[in-house]
Structures are given as C-alpha cells and as structure tokens.
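The values are calculated or read from the model by the stated rules, or taken from the named source; none is laboratory data. Everything numeric in this text was worked out from a predicted model, so none of it was measured. Here the Cβ positions follow ideal geometry from the backbone for every residue, glycine too, while neighbour counts run over all protein chains shown. SASA here: full protein model, heavy atoms, side chains in, ligands and nucleic acids out. Shrake-Rupley method; radii C 1.70, N 1.55, O 1.52, S 1.80 Å.
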Amino acid sequence: RTRAQMKAQAHESLGQIAVKRGQWPTAVSEFQQAIECSPTPQGSQFLRLGVACAMLESSECAETALVKASELGPAVVRTRSLEALRINRGGPDAPAQAPAAGALGLLWHPLRAREGDGHPGGGNDGGA
C-alpha cells in the first residue's frame with residue numbers, strides 16, 4: 001500500500017468513528033479528506049460521504065456524492081446510493097414513515113461490512 005492509500009484509509013476510519021459518535025460534521029470532513037487523499041477514490045467512499053452529508057441535511061453535498069457513488073459502483077454501492085438518492089430527494093418513492101435523515105441513517109448499517117468482502121463498508125473494495 002502506498003502512503004496515500006494509508007492516509008485515505010486513516011481518514012476513512014476516523015470518519016466511521018465520527019459516525020458512531022453522531023459527529024456528522026467531523027464525519028463529512030474525514031470522508032472528504034479520504035477521497036482527496038485516495039489515488040483511486042471508490043464508490044463506497046462517496047456513498048459514505050453522501051449519507052453523512054444527508055444526515056446534516058446538506059442536500060447538494062449529498063446529491064453530488066451519491067451520484068458519484070452510483071457511477072463508480074460496484075453493484076451493492078450503486079444500489080445503496082440510488083436508494084439514498086431517492087430518500088434524499090424526497091420523491092414519491094421515498095419512505096413516507098420517516099424523515100429523510102432518519103431513513104438515511106438506516107442505510108448506514110450496511111455500510112459497516114467487514115473489509116474486503118465486496119461490500120461498501122470495508123474501505124478496501126477495490127483499491128482504496
């Protein structure tokens with residue numbers, strides 16, 4: 001692993017810790033730094049950033065990151081990011097029983113999969 005990859009992984013980990021503590025502004029900052037440091041940003045990094053932005057009700061940040069996540073994939077990230085986009089946009093397909101931030105918070109659980117399993121939580125889903 002390169003120094004840049006290790007730095008990106010460190011910021012990714014700090015972002016996940018901030019999420020567990022409910023420190024969404026810190027999470028957004030750390031996820032942004034992880035993307036900036038990564039030689040090849042992954043869809044999962046943009047998905048985490050998008051959900052964290054949405055939790056802060058920063059719709060523009062969330063929209064940009066979630067669209068990028070859906071473009072980069074892999075399939076599980078694409079599915080989750082499209083789901084998060086529907087919730088963030090508050091369209092007719094969005095869950096009516098919960099506010100957007102609460103519904104997006106429910107998406108966070110699948111983002112914590114173990115490293116290397118091809119799911120968006122590991123931080124190692126193809127080179128990050």
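Given points 7 Å out from each Cα along the Cα-Cβ axis, report the ALA10 to GLU57 separation in nanometres with one decimal.
Calculated label separation equals 3.5 nm.
Please compute the modelled spin-label separation between ARG3 and ALA75, points set 7 Å along Cα→Cβ, answer in nm with one decimal.
3.9 nm
Could you put LYS7, LYS68, LYS20 in order of accessible surface area, largest first, with the 1.4 Å probe and the full protein assembly present?
LYS20, LYS7, LYS68
Quick one: plug the Kirkwood hydrodynamic radius of segment 1-84 (C-alpha pairs) into Stokes-Einstein at 37 °C, 0.692 mPa s, and report D in µm²/s.
Value of D from the Cα-based Kirkwood radius: 266 µm²/s.
At 1.4 Å probe size, what's the solvent-accessible area of THR64? Round to the nearest 10 Å².
90 Å²
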